[in-house]
Structure formats: structure tokens, C-alpha cells
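Engineer: Right, I'll just put the structure down here and ask away after.
The values are calculated or read from the model by the stated rules, or taken from the named source; none is laboratory data. Computed from a predicted model, the values in this text were never measured in an experiment. Cβ atoms come from the backbone with ideal geometry, glycine included; neighbour counts cover every protein chain shown. Please note that ligands, DNA and RNA were not included when accessible areas were found on the heavy atoms of the full protein model with its side chains. Shrake-Rupley method; radii C 1.70, N 1.55, O 1.52, S 1.80 Å.
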Amino acid sequence: MSEKLLLRALAGETLATPPIWMMRQAGRYLPEYRATRAKAGDFLSLCYTPDLAAEVTLQPIRRFGFDAAILFADILLVPQALGADLWFVTGEGPRLSTIASQADFDALKPADAIHDHLAPVYETVRILARELPDETPLIGFAGAPWTVATYMIAGRGTPDQGPAHALKDENPVLFKALIDRITDATIAYLSAQIDAGAEVVKLFDSWAGSLRGADFDDYSLKPQKRIIAALKTRHPDTPVIAFPREAKDRYEGFARATGADCVALDNSVDAKWAATHVQCDGCVQGNLAPSHMVTGGSALVEETQAILRAFRNGPHIFNLGHGITPDADPDNVSLMIETVRKGL
Ligand code: CP3
């Protein structure tokens, strides 16, 4: 049995103290991250400079001793590798060239042509596989196809993913072709991360919650099922975490339907409900509200304990329900970790 707590929980073991890590654990709330980002010049240069990307991945491990590291990169590197233009506007977020027509789609590269562009990411993984402490596994990741498509179609983040819904409804042939291209690229990308040393991979479907009914099945569930099946053929021992954020009642059965080893819960999910309806199928991850990392105090401690209590009878990885925000206080992160490790 592995010494790594994260891998034990992912294999289905119920642990007295769950492993803990945090989405966006390398980020702007840490002064050492801001210093390394300044050295890189901008966010994308940080992603594509292996020594610096490895450095920011290691910073939260050194400071807090988390039970897992997550590769420093971004879900939007895949569209860029497929040929989209990508840039980040400070204070606003990502911007991309858009996919609105068949001609835009035809200009994209084939899925197996992404690797030259993404070679620096694989190098970051190789550095981390060497430099991480023995007890700390590395999580690789990618965006799930629907979420990546929403950015490629709109050219930016949108509150309701309106442009992606419109293309799906008005030109389903083009929309499906785009989902398939992203799916194939994601299989190639995650497979290469595993070959380079990632021990777990996670799929981020941040906008799964805006898909309803059959659309949820067709564009969140099925593409992830195809990715997981392909990865399991090539890398049967590498666990996969799926994060269909805001899937609500569709969290139920999601692991079974996709083959994921663990489902990550957002903080809108009631932990007691999830213990009965989701954890019955295996490991769950989550789901403290990120706002507690800003506000701290007894509410943080009580809510952390309530989550530990709800999930104590099955495999659980403690995490936030979404990424930590730049205004968070690192002392509150320490308080959360202390509360988890002290136990109930
Ligand atoms: O979790 C980690 O620490 C690993 C690294 C990671 C980043 N982005 C770094 C990042 C991961 C796993 C992501 C995933 C990601 N990126 C998602 C899915 C998860 C989610 O948050 O829902 C999405 C939708 C993106 C796209 C993206 N990247 C947006 C919308 C933004 C701008 C918003 C923001 O927080 O500034 C980014 C930028 C980004 N990605 C930052 C980081 C640390 C902030 C960049 C900076 O330093 O200015």
C-alpha cells in the first residue's frame, strides 16, 4: 500500500485523517507566488517557464505541507496549443480568438499536434517528479471539453456560457466537432503528463452546472467518460478526479457513469447529502467554501469539522469547493489544515 495518503483515499480507503490540498493553492494570496510571477513577467510566461512553474508549485508544499501538489499551468493552454490566440488582461481574465464558424474550426491544429507547444509543461512535471517530497504526489490536470469549449467559443469567461449554448443549439455539427477535437487533445495531453510523472489527474468542468438534461449527458458526462476510458487503457493505475462543478443532483452516479475514481464537490453541495448519494460510489473531494479563507475564525473551524463529520465513514480528500481567492489570508489556510489534522 502506498504511503501517500492521497493515493490511499483515491483507492477507496477510509482514513482517520483525510489528505488535504487546495484548488489554486499556488496563487496570488501568497507573497512568494506574487514575487515569482513578477520575475516571470506575466502569467503565461510563468506557465511556460518550467523552473518557475515548478517553483510556484512547490511553494505551498513548503509553506503548508499539503498532501498533494497540483501542477502549475492553466486549462486554456490546450486551446492555445490547438492554435487559438490566448492572452490575459490584468484584472479581467483570459481572452482568446473565437470559434464562430466552420472556417475558424478548420484553422485549428489536429489533436496530436499539441505536444511541441506543451513541451514546457511536460518539463515542469518532470522537474516536480524529481523535486517533490516522497510523500507528496503530483496532480496533473486539464479542463473538461465543455468548459474549454465555452472559452474557445466566447473568447473569454462568460456568466452564463451564452455563446457556447447558442453554437450548440444553432450548429450542432460544428459544436460536436469542437468537443471531439478538445476531447482528443485532452487525452493526448493528460497521457503525456502521466508519462512525465503526474500520479493523479483531474478534469475541471467548471461550467458543467449550466448544462441541462440530455446536454449534461452529451457534453459533460460523455466526453469525460471517453477521456477516462482512454487514459485507463494506457495508464490503468493512474486515478482520475472529476469536478463537474455545480452539477447539483447530477453529482449522483457521476463517478459510476464516467469511471472517475473520485468526484470533487463544489461548496453548494450539502455534505450530508453527498455522503449518502455520492460517497457511496467511492472517494469524494471537498468542499469548504473558499470564503472561509478570507473570513477565518470559529466559522471556519466549525464548517471544516462539519465536513469531516459528514464524510468520516468513507474515502475523502479534504479541499475547498472552488479555488482560493487572491484576498485570502494564508493564516486561515493554516487554521484549516490544523483543524483537519487535529480531527474530530
Ligand atoms: O489549482 C492550482 O493551483 C493549479 C493551477 C491552475 C490555474 N488555473 C492557475 C491560474 C488550475 C488548475 C487552473 C484551472 C482553471 N483555469 C480553471 C478551472 C478551475 C476553476 O477555477 O473553475 C479555469 C476556468 C481557468 C481559466 C482561468 N485562468 C481564468 C478564468 C483565469 C482568470 C481568473 C483569475 O483567477 O485570475 C485564469 C488565471 C489563473 N490560472 C491564475 C492562476 C494562479 C491567476 C493568474 C495570475 O497570477 O494573475
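Engineer: Return yes when D104 is open to solvent by 30 Å² or more (accessible area, probe 1.4 Å), away from the ligand (no atom under 16 Å from the Cβ) and over 27 Å from P159 (Cβ atoms) and no when it is not. Quick ask: steps written out before the conclusion?
Structural biologist: Details: open to solvent by 30 Å² or more (accessible area, probe 1.4 Å): yes; away from the ligand (no atom under 16 Å from the Cβ): yes; over 27 Å from P159 (Cβ atoms): no.
No.
Engineer: A follow-up question, please. Determine which member of the set L71, L6 is buried (at least 23 other Cβ atoms within 10 Å of the Cβ), touching a Ser or Thr at 6+ places or on another chain (Cβ under 9 Å) and more than 30 Å from A113 (Cα to Cα).
Structural biologist: On the way: L71 fails: more than 30 Å from A113 (Cα to Cα).
Just one listed residue meets the conditions, L6.
Engineer: Could you count how many residues in region 305-335 are in contact with a strand residue (DSSP E or B) (Cβ under 7 Å, 6 or more places away or on another chain) and either within 16 Å of S291 (Cβ to Cβ) or charged (D, E, K, R) (or both)?
Structural biologist: At the first step, the residues of region 305-335 found to be in contact with a strand residue (DSSP E or B) (Cβ under 7 Å, 6 or more places away or on another chain) are 307, 311, 315-321.
Checking the rest, the ones that are also either within 16 Å of S291 (Cβ to Cβ) or charged (D, E, K, R) (or both) come to 307, 319-321.
Here the count works out to 4.
Engineer: Here's something else I'd like to know. Within the set of pairs 6 or more residues apart or between chains, which connect a residue that is closer than 16 Å to F141 by Cα and free of Cβ contacts under 8 Å to residues at least 60 places away in the same chain inside region 204-229 to a residue that is outside any helix (DSSP H, G or I) and among the β-branched types (V, I, T) with Cβ atoms less than 6 Å apart?
Structural biologist: I228/V240
Engineer: Follow-up question, since we're still on this one. Cβ-Cβ distance below 9 Å, separation of 6 or more or different chains: which pairs start in region 1-20 with a residue that is without any contact (Cβ under 8 Å) to a residue 24 or more places away in the chain and end on one that is of a type in the set (D, E) and part of a loop (DSSP other than H, G, I, E, B)?
Structural biologist: Matching pairs, first to second residue: M1/E13.
Engineer: Now for a different question. Of everything in region 86-104, what is of a type outside the set (A, V, I, L, M) and within 14 Å of V148 (Cα to Cα)? Give them in sequence order. If you could, list the steps in order and put the result at the bottom.
Structural biologist: Pass one, region 86-104, residues of a type outside the set (A, V, I, L, M): 87-88, 90-95, 97-98, 101-102, 104.
Selection gives P94, R95, S97, T98.
Engineer: Related question: Which ones in region 20-46 are closer than 23 Å to L344 by Cα and in contact with a Pro (Cβ under 9 Å, 6 or more places away or on another chain)?
Structural biologist: Residues of region 20-46 closer than 23 Å to L344 by Cα: 20-22.
Those that are closer than 23 Å to L344 by Cα and in contact with a Pro (Cβ under 9 Å, 6 or more places away or on another chain): W21, M22.
Engineer: So which helices (runs of 4 or more DSSP H) are wholly in region 99-183 and hold at least 1 residues that are farther than 22 Å from Y48 by Cβ? Please lay out each step first, then the result.
Structural biologist: Working: elements: 102-106, 115-131, 145-154, 162-170.
In region 99-183, the matching helices (runs of 4 or more DSSP H) lie at 102-106, 145-154, 162-170.
Engineer: Check D112, D134 and return the single one that is more than 14 Å from the ligand (Cβ to nearest atom) and more than 30 Å from I20 (Cβ to Cβ).
Structural biologist: Details: D134 fails: more than 30 Å from I20 (Cβ to Cβ).
Matching residue, one of D112, D134: D112.
Engineer: Of everything in region 130-152, what is of a type in the set (V, I, T) and either touching a Phe, Trp or Tyr at 6+ places or on another chain (Cβ under 8 Å) or open to solvent by 10 Å² or more (accessible area, probe 1.4 Å) (or both)? Give them in sequence order.
Structural biologist: To start, the set of residues in region 130-152 that are of a type in the set (V, I, T) comprises 136, 139, 147-148, 150.
Within region 130-152, T136, I139, T147, T150 qualify.
Engineer: Pairs, please: C-beta under 6 Å, at least 6 apart or cross-chain, first residue farther than 26 Å from A81 by Cβ and in region 29-44, second within 9 Å of the ligand (Cβ to nearest atom) and in a helix (DSSP H, G or I)?
Structural biologist: Close Cβ pairs (under 6 Å, with a partner that is within 9 Å of the ligand (Cβ to nearest atom) and in a helix (DSSP H, G or I)) do not exist here.
Engineer: Turning to a different aspect of this structure: So, in region 153-163, how many residues would count as being open to solvent by less than 30 Å² (accessible area, probe 1.4 Å) and either within 11 Å of the ligand (Cβ to nearest atom) or touching a residue at least 24 places away in the same chain (Cβ under 8 Å) (or both)? Show your work before the answer.
Structural biologist: Pass one, region 153-163, residues open to solvent by less than 30 Å² (accessible area, probe 1.4 Å): 153-155, 158, 161-162.
Now restrict to residues that are either within 11 Å of the ligand (Cβ to nearest atom) or touching a residue at least 24 places away in the same chain (Cβ under 8 Å) (or both): 153-155, 158, 161.
Selection size over region 153-163: 5.
Table: residues versus (1) within 14 Å of the ligand (Cβ to nearest atom); (2) in a helix (DSSP H, G or I).
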site: L190; (1), (2): yes, yes
site: V201; (1), (2): yes, no
site: F204; (1), (2): yes, no
site: G209; (1), (2): yes, yes
site: D217; (1), (2): no, yes
site: P223; (1), (2): no, yes
site: R226; (1), (2): no, yes
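Engineer: Of all residues being charged (D, E, K, R) and out of contact with any Asp or Glu (no Cβ under 8 Å at 6 or more places or on another chain) in region 57-79, which is nearest to the ligand (Cβ to nearest atom)? Just the residue, please.
Structural biologist: Per the criteria, the residue is D74.
Engineer: Determine the pairs where a residue that is of a type in the set (G, A, S), located within region 230-258, has a partner that is within 16 Å of the ligand (Cβ to nearest atom) and part of a helix (DSSP H, G or I) with Cβ atoms under 7 Å apart, the partner being 6 or more residues away or on another chain.
Structural biologist: Partner pairs satisfying both residue conditions: A242/Q224; A247/A208; A247/G209.
Engineer: Also, I was wondering about something else. Go through region 78-126 and report how many residues are free of Cβ contacts under 8 Å to residues at least 40 places away in the same chain and hydroxyl-bearing (S, T, Y).
Structural biologist: Of the residues in region 78-126, 1 are free of Cβ contacts under 8 Å to residues at least 40 places away in the same chain and hydroxyl-bearing (S, T, Y).
Engineer: Quick one: in region 9-56, which of the residues that are among the polar types (S, T, N, Q) and either open to solvent by less than 10 Å² (accessible area, probe 1.4 Å) or within 14 Å of the ligand (Cβ to nearest atom) (or both) is farthest from V89 (Cα to Cα)? Break it down into steps so the answer makes sense when it comes.
Structural biologist: To start, the set of residues in region 9-56 that are among the polar types (S, T, N, Q) comprises 14, 17, 25, 36, 45, 49.
With the extra rule that they be either open to solvent by less than 10 Å² (accessible area, probe 1.4 Å) or within 14 Å of the ligand (Cβ to nearest atom) (or both), the set shrinks to 25, 36, 45, 49.
On the way: Q25: 22, T36: 19, S45: 14, T49: 20 Å.
Among them, the one singled out is Q25.
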